[in-house]
Every structure is written in structure tokens, then in C-alpha cells.
Amino acid sequence: MSKAPYEYSGKLRWPRLGQDLAIVAWPSFLVASVATMVCFGFIDPVLIGNDDYPPPAFQTRMTGYAVGFFFFWLIAALSSLMTLYLVRTAHPEPADEGTDDGTRSPE
Amino acid sequence: MSEVQAPVGGELYAARQKIYPREIKGRFQRLRVYAVFALLGLYYVLPWLRWGERQAVLFDLPARKFHIFALTLWPQDFYFLTWLLIIAALALFFFTALAGRLFCGYACPQTVWTETFVWIERWVEGSRTQQIKLAKAPLSGAKVLRKGTKYFLWFAFALWTGFTFVGYFTPITELAGKMASFSTGPWETFWVLFYGGATYVNAGFMREQVCKYMCPYARFQSAMFDKDTLIITYDEKRGEPRGARKKGTDHKAANLGDCVDCTVCVQVCPTGIDIRKGLQYECIACAACIDACDEVMEKVGYPKGLIRYDTQHGLEGQPKQVVRPRTIVYASLIVVLIAGFAYTITHRNVVAIDVIRDRNALFRELPGGLIENVYNVKILNKDDEEHEFSISADGLPGLQIDYGEDEVEVGPGEVQSVAVRLRVPRGQLQGGSDIHFTIRTRDERALEATGKARFLAPTN
């Protein structure tokens with residue numbers, strides 16, 4: 001088989017980016033909820049940072065919780081997004097059309 | 001009725017067609033109604049209950065205290081939540097192994113709120129056929145009015161849901177006043193709208209799509225099935241070949257099975273599947289098709305149970321084994337964990353100590369050959385009544401303690417910080433040594449707690 005298994009188009013395409021963003025947003029929301037609960041179960045947000053110069057986000061607990069939640073959401077989403085990016089933009093596996101005995105054709 | 005069926009095969013991302021579940025009555029639907037009333041009743045009523053001076057159930061995030069009736073939980077009690085989650089997970093395993101997606105069909109918030117939204121829809125727009133007709137009808141004043149009424153009722157119900165949700169975290173009577181005068185704070189406004197909006201979209205529009213595309217449990221629940229799990233199933237041997245028949249004909253002679261192919265089981269399905277094709281991952285086990293088919297079987301005079309709860313073994317004509325090692329092990333684990341949980345939470349230590357070394361100086365050398373270390377001792381009183389505490393320290397010979405007064409009063413649910421000075425004659429130690437602080441109440445209950453700290457001294 002001399003046929004090229006795939007054609008390289010020269011630019012990186014990310015099919016169905018919109019749907020993928022939704023797939024990323026929802027699980028990272030769940031993970032961020034759990035992470036926020038566990039994290040602030042142990043850590044009081046007003047104790048975060050240097051005592052003498054507390055960051056403005058951690059001066060009250062409610063803002064602390066909220067900032068923490070959105071931070072976790074962002075981090076979890078970034079990780080999922082990167083995973084999906086690597087999966088979606090990988091070169092496709094060569095088509096399994098090759099041999100008669102069902103084994104995959106060599107690349 | 002092909003219009004209710006989800007597209008089979010073809011495009012992966014075919015546009016969703018709205019499902020209009022037909023109303024059905026029956027024993028399982030009655031159970032579901034009870035479940036909706038019990039669960040939603042609990043949800044909407046709980047934050048209004050009082051316990052003495054305070055709201056009975058209040059998760060006070062700004063104060064980092066969770067009040068649940070007589071119980072007040074502190075961040076230190078966090079492990080109780082972990083314990084609860086383990087019990088919940090085991091219960092999910094147990095019920096799934098026992099009878100499949102019982103949780104989805106009867107208890108999942110998505111199902112429960114969707115049910116209420118469907119009721120509102122039916123109340124305003126009428127039966128399934130009327131709803132389909134209305135959707136197809138050209139735009140008119142009457143249509144706008146009906147649809148508008150539905151959306152308004154949904155909106156009001158969702159807003160009330162969001163308000164109740166926030167009422168678990170901030171005193172609900174105050175919140176009600178603020179809502180009435182449009183003076184809620186930014187976080188309250190945000191979360192009322194967020195939770196209300198999520199309810200509106202999930203129960204009004206997303207519905208079964210949440211189960212199909214968003215729910216992780218729906219994907220892995222089948223791993224907990226075995227051949228003795230009760231599932232909702234169509235008795236193919238009895239039903240096929242299906243087909244319409246005239247009343248009074250001997251269908252067996254006409255080579256027909258018991259299924260009269262009325263498609264009512266498909267019309268009542270909230271996820272739009274045909275149970276006769278076998279158990280599918282979309283099935284949320286609401287048992288609407290069982291009730292629907294039983295009603296039809298009764299009408300045509302055949303025995304009930306063409307669609308029923310059965311096990312795979314049962315369908316193959318083998319004995320059913322609902323009580324089996326797997327379910328017994330899960331059940332006993334749950335009982336043990338719940339008993340342990342109940343014991344620990346009622347016998348937990350209601351006093352706690354937290355020791356922080358003074359950060360300004362490692363140690364101080366006093367005249368008279370003494371080394372002094374200063375600590376900030378925090379005493380937590382998680383009890384409902386005030387206690388007087390004495391503080392002691394041990395771990396080094398000749399250790400002297402000084403905290404100003406004889407005893408420290410700490411009110412119910414309060415934390416008291418005490419500056420404590422420890423002194424040791426020089427030469428008793430070099431470098432550092434571990435010591436222990438103990439607090440003890442002065443009443444007959446003698447509650448106590450111990451905290452570890454480090455005493456530092458010069459190395460020479």
C-alpha cells in the first residue's frame with residue numbers, strides 16, 4: 001500500500017470548537033465545585049496571602065470563595081481544553097482498510 | 001409516531017427534536033409524584049424552619065459554620081462530609097445493582113424539576129396532542145398568550161427555586177425582605193439568578209439532554225449491572241411478532257404476539273426511546289412505559305407485565321436472585337457506615353484547640369535563667385453552652401505556664417484567643433522540644449482537647 005494514510009493540509013484545524021468548549025466548560029464546572037468545597041473546607045480564604053498586604057480578593061470570605069471557585073474553574077477548563085486540543089488536532093490514524101486478516105496495515 | 005423518536009444513526013449532531021411526553025397514570029407514576037412532592041417539599045420548606053433563635057438549616061459560609069438543627073458543624077468537622085459522600089456513593093452502587101437507575105427515575109433533581117416543569121406545561125398547553133398542535137400552529141395572539149403564560153410560570157417557579165437555594169446560605173427571612181425591596185447584595189443576586197436560570201434552562205429546555213450528554217452517572221451506571229439487576233424491560237418472547245388486531249380475534253392463531261403495537265410506551269417516554277428495542281442508555285428508568293403498557297394490556301384483556309421490572313435471568317426463564325452476595329455486601333456496608341456516622345457525630349468532641357507560635361521571637365531569655373516562648377492558643381467551643389477552660393502544658397521538666405487569668409470563658413459557638421507564656425529554666429533543653437497543650441472545661445463534663453507545639457531554646 002503506497003497510499004498516504006492522511007493528507008496534511010498545512011494548517012491546524014479544530015473541528016467543532018464550539019461544541020468542544022461546552023464539553024470542557026461543564027465537567028470543569030463540576031470539578032471546580034468539588035475543589036472549592038475541599039479547598040475552603042480546610043483553608044479560610046481570609047488567611048491566604050501575606051498578613052501585611054492581603055490581596056484585595058481575599059479580604060472578605062465571600063469574595064475569597066468566589067475568586068477561588070472561578071480560579072479552579074479556569075484551571076480545570078484549561079487542562080481539559082489542552083487535552084481536547086491534542087486529541088482533536090492529532091493526525092488521524094491511518095484508515096484501517098488494509099489487510100484481509102483484519103490486522104491493521106503498517107504505516 | 002416517528003416524530004417523537006430521536007434520529008437513529010446518521011449525523012452525530014442532529015438537531016434535537018422536542019419530546020412531548022404523553023400523560024400517564026399508574027402505580028409507578030404515583031410513586032414518582034410522591035417522590036417529587038417529598039423531595040421538592042423538603043427543599044422548599046427546610047430553610048423556613050426555625051431552631052431556637054436561628055434558622056434550623058443554614059450553611060453560614062461567611063462565618064464558616066454549618067447549622068443543621070441541633071448540630072453545628074465547623075471546618076474541623078469537614079471529614080463528616082467525606083463520610084457522607086462515601087455513604088451516598090455506596091447507596092448509589094447498592095440501588096443501581098438492585099434495580100438499575102432508580103436514582104434517575106425517582107430522585108435525581110434533574111428528573112424531579114423536569115417533572116414539575118412538564119406539569120406546568122401540561123396545565124397551560126394541554127395534552128400531548130394539543131401541545132404538538134400548538135407548536136405547529138402559525139403565530140397568533142392565542143399562541144403567544146399560551147406560550148407566554150407557560151414561560152412566565154416557569155420563570156416564577158425557577159426564581160423561587162433560586163431564592164430558596166440562596167436561602168440555605170443566608171438567612172432566608174432577611175433575604176425575602178431584600179428580594180421584596182430589590183436590595184439584594186451582588187452575590188445574592190448572582191446566585192439567585194444563576195441557580196434559577198440553571199433550573200429554568202435544565203428543566204424547561206434541556207430536559208433529557210442533560211441525562212444524555214451531561215450526566216457522568218448515566219455513562220458508567222451500566223458497569224454496576226449484572227444479570228440479577230432489575231431493569232425495565234420488554235418481554236420480547238411474549239410480545240413478538242407485534243401488530244394491530246381486531247378486538248376478539250385469537251391473536252395466537254393469527255401468529256401474533258401480545259404487543260398490539262399501539263406505541264403508547266413510546267409516546268409516554270420522556271427521553272423518546274422505544275423500550276421494545278431493548279434497554280438503552282437514554283432510559284432513565286421512570287417506568288412510564290410499564291404503567292402505559294399495563295393500562296393497554298388491561299384494556300385489551302391480556303395479562304399485565306409485557307413491559308415490567310425484571311432481571312436478565314428472569315427474562316431467560318431462570319430464577320430471579322435480587323437478594324444476592326453483591327446486594328447484601330453493599331447493604332451491610334451502608335448500615336455499618338451509617339451507624340458509625342451517627343455514633344461519631346453525636347459523640348464528637350465539641351471543644352478543640354489550635355496552637356500557633358508567636359511569630360515575632362523564637363524565644364526570650366528572662367532574668368533568673370528562664371527561657372520564655374509565647375503562643376497564641378485558640379480555644380473553640382462548638383457546644384451550645386458556655387464553658388470555662390483551664391489551660392495546661394506538659395512535655396518538659398519545670399515547665400511554667402502563664403496566661404493571665406485562672407480560667408478562660410468561651411461562649412457557645414465561639415473562638416477565644418489566649419496569649420500563653422511558657423517558661424523553662426535554662427539548661428533543661430537545647431534547641432527545641434515538642435510540648436503539648438491541654439484545655440479542659442471546669443464543669444463535671446470535663447471536656448478536653450490537646451494540641452501539639454514546639455518549644456524553642458538556644459542551642460548552647
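Readers should treat all values here as calculations from the given coordinates under stated rules, not as data from a laboratory. Everything numeric here is computed off the predicted structure, so don't read it as measured data. Neighbour counts run over all protein chains shown; Cβ positions are idealised from the backbone, glycine included.
Which percent of Cα-Cα pairs in region A:33-88 sits in each 10 Å bin, short to long?
23, 41, 23, 11, 1
May I ask you to derive the FRET efficiency for B:Arg454 and B:Glu409 from their Cβ-Cβ distance with R0 = 22 Å, giving the value to the nearest 0.05?
Details: r = 28 Å, r/R0 = 1.27.
After rounding, the FRET efficiency stands at 0.20.
Would you mind checking the tilt of helix B:27-45 against the longest principal axis of the Cα atoms of chain B, expressed as 0 to 90 degrees and rounded to 10?
Approximately 30 degrees, to the nearest ten.
What is the angle, in °, between the Cα long axis of helix B:109-125 and the longest principal axis of the Cα atoms in chain B? Nearest 10 is fine, range 0 to 90.
Computed tilt is about 50 degrees.
Take every Cα pair under 8 Å in region B:351-456 that's 6+ residues apart, average their separations, divide by the length, and report that relative contact order as a whole percent.
Relative contact order, region B:351-456: 33 percent.
Kindly express, to the nearest 10 degrees and within the range 0 to 90, the angle between helix B:186-201's C-alpha long axis and the longest C-alpha principal axis of chain B.
Its long axis makes an angle of about 20 degrees.
How compact and how long is region B:201-266, expressed as Rg and Dmax of its alpha-carbon atoms in Å?
Answer for region B:201-266, Rg first and Dmax second: 18.2, 51 Å.
What is the distance, in nm, between label points placed 7 Å from the Cα along the Cα-to-Cβ direction at B:Ala446 and at B:Leu85?
Using points 7 Å along Cα→Cβ, the separation is 3.9 nm.
Binning every alpha carbon pair distance of chain B at 20 Å from zero, what are the percents per bin?
18, 38, 26, 14, 4, 0
If one puts a single equal scatterer on every Cα of region B:351-456 and applies the Debye formula without solvent, what log₁₀ I(q)/I(0) results at q = 0.20, 0.24 Å⁻¹?
Debye curve over Cα of region B:351-456, log10 I(q)/I(0) at q = 0.20, 0.24 Å⁻¹: -0.97, -1.29.
For a Förster distance of 41 Å, can you work out the FRET efficiency between the beta-carbons of B:Val322 and B:Val201, rounded to the nearest 0.05?
Numbers: r = 38 Å, r/R0 = 0.93.
Approximately 0.60, to the nearest 0.05.
Could you work out the relative contact order of region A:33-88? I mean the mean sequence separation of Cα pairs under 8 Å and 6+ apart, divided by the number of residues, in percent. Write down the numbers at each step before the final one.
On the way: 29 pairs, mean separation 18.8, N = 56.
Once divided by the residue count of region A:33-88, the mean separation gives 34 percent.
Multiply the residue gap between B:Ala15 and B:Lys252 by 0.36 nm, knock off their C-alpha separation, and tell me the result in nm, one decimal place.
Fully extending the segment from B:Ala15 to B:Lys252 adds 81.2 nm.
Quick check on my link table: of B:Lys18/B:Lys212; B:Lys247/B:Lys304; B:Lys150/B:Lys212; B:Lys65/B:Lys378; B:Lys212/B:Lys277, which ones sit more than 20 Å apart, alpha carbon to alpha carbon? Provide the component values of the computation, followed by the final result.
Working: B:Lys18/B:Lys212 14 Å; B:Lys247/B:Lys304 17 Å; B:Lys150/B:Lys212 25 Å; B:Lys65/B:Lys378 17 Å; B:Lys212/B:Lys277 18 Å.
Going by Cα-Cα distance, B:Lys150/B:Lys212 fall outside the 20 Å limit.
Expressed as a rounded percentage, what relative contact order does chain B have, with Cα pairs under 8 Å and six or more residues apart?
Details: 695 pairs, mean separation 66.2, N = 460.
Computed value for chain B: 14 percent relative contact order.
In 5 Å bins starting at 0, how do the alpha-carbon pair distances of region B:106-148 split up by percent?
P(r) over region B:106-148, rounded to whole percents: 5, 21, 25, 20, 13, 9, 5, 2.
More than 16 Å apart: what percent of Cα pairs in region B:117-194 qualify? Display every interim value, and only then the final one.
Numbers: 1744 of 3003 pairs.
Counting pairs separated by more than 16 Å, the tail of P(r) holds 58 percent.
Regarding the protein assembly as shown, what's the average projected area of the Cα-atom convex hull, expressed in nm²?
Here the figure is 42.8 nm², rounded to one decimal.
What nm value, rounded to one decimal, do you get for the distance between A:Leu86 and B:Asp434 when each label is placed 7 Å out toward the C-beta?
Between A:Leu86 and B:Asp434, the label points sit 4.2 nm apart.
I need the fraction of alpha carbon pairs in region B:95-241 separated by more than 18 Å, rounded to a whole percent.
Numbers: 7403 of 10731 pairs.
Summing the P(r) tail past 18 Å for region B:95-241 gives 69 percent.
Would you be so kind as to identify which of A:Val24, B:Leu279, B:Ile86 lies farthest towards the positive end of the dipole of the protein assembly as shown, taking Lys and Arg as +1 and Asp and Glu as -1 on Cβ and the Cα centre as origin?
Going by the Cα projections, it comes out as B:Leu279.
Once you put a point 7 Å from the Cα of B:Lys25 and another 7 Å from the Cα of B:Leu139, both along the Cβ direction, what distance in nm separates them?
If labels sit at B:Lys25 and B:Leu139, their model points lie 4.0 nm apart.
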